[in-house]
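Any read-out appearing in this document is the output of simple, stated calculations on the displayed coordinates, not a laboratory observation. These figures come from a predicted structure and were not determined experimentally. As a convention, Cβ positions derive from the backbone with ideal geometry for all residues, glycine included, and neighbour counts pool all protein chains shown.
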Amino acid sequence: MIKIAPSILSADFSRLGEEVRRIEDAGADWVHVDVMDGNFVPNITIGPVVIGHVRSCCSLPFDVHLMIAAPERFVGAFSEAGADIITVHVESTGALEATLRHIRSLGKKVGLSLNPATPFSAVVPHMGLIDLLLIMTVQPGFAGQQFMHEVLPKIAEARKYVDDQGLGVEIEVDGGINKATGRLAVRSGATILAAGSALFSAGDLKAEIADWKRLR
Ligand code: DX5
Ligand code: ZN
């Protein structure tokens, strides 16, 4: 079954509480939260304070995607703010393994993400420590970019590895996902689709999510 994780980066930030409620009512599985620091990526979004406030507005798991340098400094704060899944980038810290173990020790699901240019081999040593692999299909930093088709073989490589090793790691894709590119990602082995622009520009969010969940 495909899970859908709308990214609130494309929501109306002046009504964020209502927006996450709308995501829940529309049948989404997770709320995808894009955290950017103007350092690891050239954009700044939201931090633990905002997440803490909107957390109480819905009961879906919060899938918090940290696009920040040295994320080990803030894992505790995002955990306290109510993140359920905390994902860090393999490119973002020299203390990766300790950071992944710290997330686990806080009782949270452990996610690891990689940029389009980073090969799957970079995350292989850590696959036994994680619950979620978040494969970027755009360069992180901004919503509304074009899906990078050249990442599809990496999704397939990750799917084969997870299946061959019998791991319980879920594979999520993020960036430029719409119904067409989502289908390609699912066929390559992704089971979770994070998406901002395509979902929030849909007239009927509920119908759109239901449609995407049936992708095969
Ligand atoms: C990219 C973010 C994504 C992005 C998704 O840096 O991690 O979650 O906002 O937005 P769309 O679906 O518009 O590419
Ligand atoms: Zn994201």
Among Ala5, Gly38, Thr99 - extreme Cα towards positive end, dipole of region 1-116, charges at beta-carbon: Thr99
Approximate spin-label separation Asp12-Ala210, in nm, with each point projected 7 Å along Cα-to-Cβ: 2.3
Positive dipole terminus of the chain, leading residue within Met136, Ile68, Ala202 (C-beta point charges): Ala202
Derived scalar couplings ³J(HN,Hα) [region 187-195; Karplus, 6.51 cos²θ - 1.76 cosθ + 1.60; whole Hz; x for Gly, Pro]: 5, 7, x, 6, 10, 10, 10, 9, 7
Qualifying lysines (Cα of each under 27 Å from Cα of Lys206; at least 8 residues distant if same chain): Lys3, Lys109, Lys179
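Count the DSSP beta bridges whose two residues both fall in the chain, then state the antiparallel fraction as a percent rounded to the nearest 5.
5
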Among Arg187, Arg15, Arg159, residue whose mean-square fluctuation peaks in a GNM of the chain (springs only between Cα atoms under 10 Å): Arg15
Phi to ³J(HN,Hα) by Karplus 6.51 cos²θ - 1.76 cosθ + 1.60 over region 161-177, Hz, x for Gly, Pro: 4, 4, 5, 4, 8, x, 8, x, 6, 8, 10, 10, 10, 8, x, x, 7
Contact order normalised by residue count of the chain, Cα under 8 Å, 6+ apart, percent: 21
Residue among Val110, Val49, Val151 with the largest mean-square fluctuation in a Gaussian network model of the chain, springs linking Cα atoms under 10 Å: Val49
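What is the magnitude of the charge dipole of the chain about its Cα centre, with +1 placed on the Cβ of each Lys and Arg, -1 on the Cβ of each Asp and Glu, and no other charges, expressed in debye to the nearest 20? Don't jump to the answer; show the numbers that get you there.
Details: 20 positive and 25 negative charges, 73 e Å.
Here the size comes out at about 340 debye.
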Using θ = phi - 60° and Karplus 6.51 cos²θ - 1.76 cosθ + 1.60, couplings along region 119-133 (whole Hz; Gly, Pro as x): x, 4, 4, 5, 9, 3, x, 10, 4, x, 9, 10, 9, 9, 10
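Charges only on Cβ, +1 for Lys and Arg, -1 for Asp and Glu: so what's the dipole of region 43-170 about the Cα centre, in debye to the nearest 20?
On the way: 9 positive and 12 negative charges, 41 e Å.
Charge dipole, region 43-170, about its Cα centre: 200 debye, nearest 20.
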